[in-house]
Amino acid sequence: MGPRLRAARERHGSTLAGISCATGISPSTLSRIETGRRKPTLEVVLRLAEEYGVSLDELAGTAPALERPAPARRTSGDGKTVLPLTPYVGGLHAHKHVLPAAEEEPVRPRQVSHEGHEWLCVLYGRLWLALGGQDLVLAAGDVAEFDTRTPHGVANAGPGAPVEYLILFGPQGERPRPRTPSARGTGVRGRAALVATTAPGVTW
């Protein structure tokens with residue numbers, strides 16, 4: 001049930017902190033439930049089902065496939081648009097995010113932390129990634145990979161234009177696995193030294 005609860009929360013467009021405020025369930029408890037380290041009580045499941053607007057059958061995995069809503073574009077209060085690209089539950093999840101053009105000088109992004117592993121690729125614009133004590137500005141084509149237990153947050157770093165980026169997120173630490181074969185000793189293995197390490201657990 002943990003991965004289904006996480007998927008329902010992500011479709012709802014909420015963070016663990018936001019759901020905690022709405023339900024009174026602590027973020028640490030929610031995180032342990034989503035990662036399968038704690039079994040939720042019926043009272044907790046009912047509270048979360050009501051908050052997410054889903055049925056108990058869906059959370060239990062017994063709802064017919066046709067009853068499950070298709071991934072839908074959603075917009076948060078700060079204007080960020082999120083388009084889920086993977087409708088299934090469990091494993092790696094993919095999302096496309098679009099941050100609107102910044103009208104004012106950006107401030108350092110608010111950081112959050114949670115279980116999992118994230119791979120981020122900027123498609124357009126310039127993205128400010130605050131990762132722990134590090135501040136990185138990523139341009140189109142730049143990639144960052146990090147453990148999401150490290151406090152992290154993003155903001156549009158460039159004035160006058162939106163920023164678009166893709167996220168692959170493994171809620172239980174799943175990570176993309178490169179399978180490109182090396183050619184004459186200069187393939188993935190030979191090129192790996194060119195990837196700059198900018199902070200513990202971060203490459204881009």
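Can you pull out every residue in the stretch 24-46 that is in contact with a helix residue (DSSP H, G or I) (Cβ under 7 Å, 6 or more places away or on another chain) and under 19 Å from SER113 (Cα atoms)?
Scanning the stretch 24-46 gives ILE25, SER26, PRO27, LEU30, SER31, ILE33, GLU34, THR35, GLY36, ARG38.
When the residues of the stretch 1-19 are filtered to those that are over 14 Å from VAL45 (Cα atoms) and touching a helix residue (DSSP H, G or I) at 6+ places or on another chain (Cβ under 7 Å), which remaining residue is least open to solvent (accessible area, probe 1.4 Å)?
LEU16
Restricting the search to the stretch 42-79, which residues are among the small types (Gly, Ala, Ser), modelled with pLDDT of 75 or more and exposed (fewer than 13 other Cβ atoms within 10 Å of the Cβ)?
GLY53, ALA60
Being β-branched (Val, Ile, Thr) and either over 14 Å from TYR124 (Cα atoms) or under 13 Å from the mean Cα position of the chain (by Cα) (or both) is the filter here; which residues of the stretch 146-168 pass it?
THR148, THR150, VAL154, ILE167, listed by residue number.
Does VAL82 satisfy the criteria of being buried (at least 17 other Cβ atoms within 10 Å of the Cβ), modelled with pLDDT under 75 and within 22 Å of LEU5 (Cα to Cα)?
no
Within the stretch 105-118, which residues are touching a Pro at 6+ places or on another chain (Cβ under 9 Å) and surrounded by fewer than 18 Cβ atoms within 10 Å (Cβ to Cβ)?
Once the filter is applied, which keeps residues that are touching a Pro at 6+ places or on another chain (Cβ under 9 Å) and surrounded by fewer than 18 Cβ atoms within 10 Å (Cβ to Cβ), the stretch 105-118 yields GLU105, PRO106, GLN111, VAL112, SER113.
Answer yes if at least one residue in the stretch 28-40 is basic (Lys, Arg), at pLDDT 90 or above, outside any loop (DSSP other than H, G, I, E, B) and within 25 Å of PRO151 (Cβ to Cβ), and no otherwise.
Yes, the stretch 28-40 has at least one match.
Just need a number here: residues in the stretch 152-173 that are assigned to a loop (DSSP other than H, G, I, E, B) and either open to solvent by 60 Å² or more (accessible area, probe 1.4 Å) or on the phi < 0 side of the Ramachandran plot (or both).
Of the residues in that region, 7 qualify.
Just for the stretch 20-41: of the residues that are under 15 Å from ARG4 (Cα atoms) and of a type in the set (A, V, I, L, M), which one is surrounded by the fewest Cβ atoms within 10 Å (Cβ to Cβ)?
Out of the qualifying residues, it is ILE33.
Can you find, within the stretch 134-151, the residue that is farthest from PRO106 (Cα to Cα) among those that are open to solvent by 20 Å² or more (accessible area, probe 1.4 Å) and either in contact (Cβ under 8 Å) with a residue 40 or more places away in the chain or hydroxyl-bearing (Ser, Thr, Tyr) (or both)?
Looking at residues that are open to solvent by 20 Å² or more (accessible area, probe 1.4 Å) and either in contact (Cβ under 8 Å) with a residue 40 or more places away in the chain or hydroxyl-bearing (Ser, Thr, Tyr) (or both), I get ASP147.
The values are calculated or read from the model by the stated rules, or taken from the named source; none is laboratory data. Everything numeric in this text was worked out from a predicted model, so none of it was measured. Quick reminder, even Gly has a Cβ in these numbers, built from the backbone with ideal geometry, and neighbours come from all protein chains shown. Just so you know, the surface numbers come from the protein's heavy atoms only, side chains and all, with ligands and any DNA or RNA stripped out. Shrake-Rupley method; radii C 1.70, N 1.55, O 1.52, S 1.80 Å.
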